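Any read-out appearing in this document is the output of simple, stated calculations on the displayed coordinates, not a laboratory observation. Owing to the predicted nature of the structure, the values given are computational and were not obtained by experimental measurement. Every residue, glycine among them, receives a Cβ derived from its backbone with ideal geometry; neighbour counts consider all protein chains shown.
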Amino acid sequence: MIAADAMRPHLLMPGAYPEADMQALERDYTVLRLWEAADQPAFITRHAPAVRAVATRGDLGAPAGLLAQLPALEIIACYGVGTDAIAVDIARSRGIAVTNTPDVLTGDVADLAVGLALALLRRIPAAHNFVQSGMWPEQGLPLASRLHGKRAGIAGMGRIGAATARRLAAFDMQIGYFSRSAKADSAGTQRATHFSDLAALAEWCDVLIVTLPGGAATANIVDAKVLQALGPQGWLVNVARGSTVDEAALLQALESKSLAGAALDVFWNEPRIDARFLLLDNVVLQPHLGSATTETRRAMGQLVRDNLAAHFAGRPLITPLP
């Protein structure tokens, strides 16, 4: 129910947060639940003059069309680290603050990247299904591939890339990474090799792990050339954004076995992913669970609320978008 206290800041939400976060927000704001409106354009028109804040999620964002309808908007708080679905340039041009929730989800996404690499190379999901099928007494499984000792290529050496590198170092892996410039003495990059060309990194490594941000600059950056360089003995792990990988090229590589396999937490058109993925036996598929732990989601919700509270109290924001 929309709070009736007109004195509280009006907060527009395109989609729901976990219930505990919703309850906390509704104590302090007049929460406008856009996703529940039968006629969303009319709902926005009716409430737009009063909306001072938008609390959104990384998958929903805040597009230019929405911002154009909110003349009193002061802040966009994003539940998630990805802001590629937010019209950030327009927000900045209007002096609208934008915050996200970095750091609190770094460890979880890095954990999942390593877990997906292990699951993919050691064929853990297939082995689980094999045991459950009852076929174990009758036959064995083909041999899998080891992870330790291989070369790991990390596309994007930001917070998540560096955390992933630190974890993979414990597997006695050689680490290479792709970024626009070398990350001198950055955590996770000690003894790591910098590549300024992604295809060169793919040719060098055995397992390519994508941790790049989304957006126009990285759209389809893992293309047919990169996949060809990775080759039939190479493996792809994507915990970044579906937009970073050319899915048509990836599907062709997986179907033709010109790529050994892929473990994917993100997709181009999620959750309605290409049905061809469902027919493959050389993939591990996840429904975008990178930050999906109780601990991290609780911290993300708290950080959104802390940023909103700081803004309306006139204090510095906790995690403004750089």
Completion exercise
For the stretch 8-19, in residue order, the Karplus 3J(HN,Hα) values (coefficients 6.51, -1.76, 1.60; θ = phi - 60°; whole Hz; Gly and Pro = x) are 7, x, 7, 10, 8, 10, x, x, 6, 9, x, 4
Practice task
Bin width 5 Å, alpha-carbon pairs only: give the P(r) of the stretch 106-285 as whole percents, running from 0 to the bin holding the largest distance.
Solution key: 1, 9, 18, 22, 21, 14, 8, 4, 2, 1, 0
Practice task
Can you tell me the alpha carbon radius of gyration of the chain divided by the globular rule-of-thumb value 2.2 N^0.38 Å?
Solution key: 1.10
Problem - Protection proxy ranking, peptides 110-121, 16-27, 194-205, 136-147, average beta carbon neighbours within 10 Å, highest first - result: 110-121, 194-205, 16-27, 136-147
Exercise for the section: Treating cross-link reach as a plain straight distance, find the aspartates and glutamates whose alpha-carbon is under 14 Å from the alpha-carbon of Lys257, omitting any fewer than eight places away in the same chain. Expected result: Asp281
Problem - For the stretch 198-322, projected area of the alpha-carbon convex hull averaged over all directions, nm² - result: 9.3
Handout entry: Helical mean residue ellipticity (222 nm; -39500 (n - 2.57) per DSSP H run of 4+; nearest 500) of the chain
Key = -10000 deg cm²/dmol
Problem - Dipole magnitude of the chain, debye to nearest 20 (Cβ charges: Lys/Arg +1, Asp/Glu -1, about Cα centre) - result: 540
Practice task
Tell me the label-point distance for the pair Asp172, Glu19, using the 7 Å Cα-to-Cβ offset, in nm and rounded to one decimal.
Solution key: 4.9
Problem - Pairwise centroid distance, computed over Cα atoms, of the stretch 85-161 with the stretch 228-294, Å - result: 10
Handout entry: Unit charges at the beta carbon, dipole of the chain: most positive-side option, His148, Pro41, Leu264
Key = His148
